[in-house]
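Scroll down for the structure; my scribbles are underneath it.
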């Protein structure tokens, strides 16, 4: 099995980008840059010390353009604010490379219309986290030819032959699409395992192709993450939105359809029971071969709403409900679906340990595949280390 050159963890890149933001690109040689160098090498942008600094700067420029949907980054309202803020923060704009850190932060804060201090405490964390994710995505896309070798089949007890016409799935009435961004490389195809089996893949969920259903984790108010946040919910909301030729969002598809469901079922502004799953269309992700998005309400807001509680038991409920919903949709919407993709539900802002999530998800998925082995399941995570934990959990008794 061929394996693409390993990429550093997202957290390592975030730490290095924070230091680089302070020093600026001219101070790159004085920064810790091991993760940035490894990623630039993996992306084919540098080969060694002689071109390391140039390669890292090219990598950051490519990542910022990726945040802007593959377009040139401009400092006006036609450009995604996340990309503009990142370009200001790191001096990517022409003639801004050597601007002092305080001035770069002030310009980035102005993009969001907030004070410098407010930006430092809030939006800047999201900007750096998203830029780190984009840096990894640039490297992965550069190595897309190696992608199939990074898949590992981890569950195989239910290897019953699939029926000639696999059943599909759709959204139940009670509970529980931009086309590819202009200029961006095609997302890596993430083929699923044969029916009755599970595949683990290292990639952001919004880059998955040709899987019928993508599952998103939501809070119990079914309020999706902001499009600039580095969450599964935010990424899917951003990727599914319909945009005009300038890149402006003209239809926030997933959020809009969730609001319609809430009004229809008398839950507007009210929480749903943890474990509820609501289906929407896939918006612009239909261009990637995705038919439906399942929104699993697993996170209960606590305190002032900045934190969430996720009970490990709710993960099995969400998996079971998502499969039930899929079968319901297959019957009543006549959608020919046979594959479903889960992220590590609850392992982000939900705060659950990845080991716990991996074990609970796999146990619940095994149960569903024994009940109905016609399904293929894909588990995705952007972190190599988390994929290894999923693989380890699959071999546990």
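Residue order for 304, 252, 77, 372, fewest other beta carbons within 10 angstrom first, comes to 304, 77, 372, 252.
For the residues 232, 208, 250, what sequence is obtained by ranking on other C-beta atoms within 10 Å, fewest first?
Ranking 232, 208, 250 by Cβ neighbours within 10 Å, fewest first, gives 250, 208, 232.
Here the residues 229, 366, ranked from fewest to most Cβ neighbours within 10 Å of their Cβ, fall in the order 366, 229. Sorting the segments 78-88, 325-335 by their mean number of nearby beta carbons within 10 angstrom, highest to lowest, gives 78-88, 325-335. Tell me, what is the percent relative contact order of segment 10-139, built from C-alpha pairs under 8 Å that lie six or more residues apart? Reported as a whole number, the value is 30 percent.
Coordinate-derived values only; no laboratory data. Being a predicted model, the structure only gives us computed values, none of them experimental. Don't worry about glycine lacking a Cβ; one is built from the backbone with ideal geometry, like all the others, and counts go over all protein chains shown.
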